[in-house]
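Colleague: Below are the structure tokens for one structure; questions will follow.
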Amino acid sequence: MMTETVDVLVIGAGVVGLAVARALALTGREVVCVERDEAFGTETSSRNSEVIHAGIYYRPGGLRAQLCVRGKTLLYEYCRAHGVAHAQCEKLIVAIGADEVARLAHLKATAEQNGVFDLSIISGFEAGRLEPGVRCDAAIHSPSSGVIDSHGLMLALLGDFEAGGGALALTSSVVGGRSSGDLFEIDIGGAEPTTLAAKLVVNCAGLYADKVARMIGGLDSAKVPAQRPAKGVYFAYSGRAPFSRLIYPLSAADSQGIHYTRDLGGQARLGPDISWDAPLGDYSVDEARRGDFARAARRYWPDLESERLHPGYAGQRPKTTGPGEEGDFLILGPAEHGTPGYIGLYGIESPGLTASLAIGEFVAEIAARGRG
């Protein structure tokens, strides 16, 4: 088996892996990104709502909050500069009943602690004027929420990465590795197995990040967070999208509830729900769940026609917490795990797409502080 030496190895070519690889390449480093699948971004990055989040929900001071708010600004600027299709279509977070209405002020205060100052609380009548067909007692209006073509974004990131001298290797799965002095040696499988020796390894393997880390000898496995996949199912709504804005119920700690989104082509959908018992890699959609989705959405969309709902797709989120618990991004460099030359990204679930450019920026800063 051949051994080649590179400066930086990024594992995983989802939207976060590509953003990290791009950020590191733009600092002048030689970067190789390896991806186990036949194309980039085929898992979490292509199985989500494609929403640009404002940064409303997340615990103030946490990485999800910081990197979402920063990432949103970077993402809109990037889309405009690179011609990535997107729409700043706004969002309504609806409240039904006195208890939910009372929660809106707390949610708005949380958002303001996160640096989101453009929210307003509006009446149910005002929400209905913005989106006829929506029924609620009050709502938060978020003008900076939007939707994006995630594949177009990844193509642009890949173009920047390759223009900066980076190289993407597909069908190249990590099968093992070890720390070897000042280098990591990472064994790559596939049609032509090889070993890559790298000064810096950045693990952006998404759902498999904890498993990849435990393949690499020399890393303290006790400092590798265990990830748990949380499955979410989407149902598509046939016909013309009924609302131009995104419509969300109030969220729980581990989920933003079954919400209404639409893509740039006008396809409406509901979801995702959350399931904690699906095995890793299960992307099946049970058509029998149609009634559950319709009942959940009718709280704010009473005229929903359930016969227009049909199975869409499913995705999985890499959670480092359990049911009912709020998680955070875990980006662990040498200061956290004590191993020079390794940065691990765990629990990069929503809003990872929104935060991707800020995550790349953050990882590049860690790498600059501890450059090998």
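Colleague: Under the definition of Cα pairs under 8 Å and six or more residues apart, what whole-number percent is the relative contact order of segment 1-155?
Modeller: Values: 232 pairs, mean separation 41.6, N = 155.
The value is 27 percent.
Colleague: Which of GLU287, GLU43 has the fewest other C-beta atoms within 10 Å, and how do the rest follow up to the most? Write out the running numbers ahead of the final one.
Modeller: Values: GLU287 9, GLU43 20.
Sorted ascending by nearby Cβ count, the order is GLU287, GLU43.
Colleague: Given an 8 Å cut-off on Cα distances and at least 6 residues of separation, report the relative contact order of segment 91-143 as a percent. Intermediate values should be presented prior to the final figure.
Modeller: Numbers: 73 pairs, mean separation 26.9, N = 53.
It rounds to 51 percent for segment 91-143.
Colleague: Give me the mean projected area, in nm² to one decimal, of the convex hull enclosing the Cα positions of segment 91-143.
Modeller: Working: hull surface 12.9 nm².
So the Cα hull casts an average projection of 3.2 nm².
Colleague: Just want to confirm a number: the relative contact order over the chain, from Cα pairs under 8 angstrom separated by 6+ residues, in percent. Present the calculation step by step, with values, prior to reporting the outcome.
Modeller: Numbers: 878 pairs, mean separation 91.4, N = 372.
Relative contact order here is 25 percent.
Colleague: Rounded to the nearest 5, what % of the DSSP beta bridges within the chain are antiparallel ones?
Modeller: Values: 44 of 68 bridges.
About 65 percent, rounded to the nearest 5.
Colleague: Right, another one. Could you tell me the center-to-center distance, by alpha carbons, between segment 120-161 and segment 71-107 in angstrom?
Modeller: For segment 120-161 versus segment 71-107, the Cα centre distance is 5 Å.
Colleague: Bin width 20 Å, alpha-carbon pairs only: give the P(r) of the chain as whole percents, running from 0 to the bin holding the largest distance.
Modeller: That works out to 30, 55, 15, 0, in percent per bin.
Colleague: How much mean residue ellipticity at 222 nm does the chain get from its helices, if each DSSP H run of length 4 or more adds -39500 (n - 2.57) and you divide by all residues, to the nearest 500 deg cm²/dmol?
Modeller: Numbers: 9 runs with 104 residues, N = 372.
When only DSSP H runs of four or more count, the value is -8500 deg cm²/dmol.
Colleague: OK, next. Please arrange THR73, THR44 by how many other C-beta atoms lie within 10 Å of their C-beta, fewest to most. Intermediate values should be presented prior to the final figure.
Modeller: Details: THR73 14, THR44 23.
Final ranking by Cβ density, sparse to dense: THR73, THR44.
Bear in mind that the values in this text are calculations on the coordinates, not laboratory data. A quick note: this is a predicted structure, and the numbers were derived from the prediction, not measured. Every residue, glycine as well, gets a Cβ built from its backbone with ideal geometry; the counts of neighbours run over all protein chains shown.
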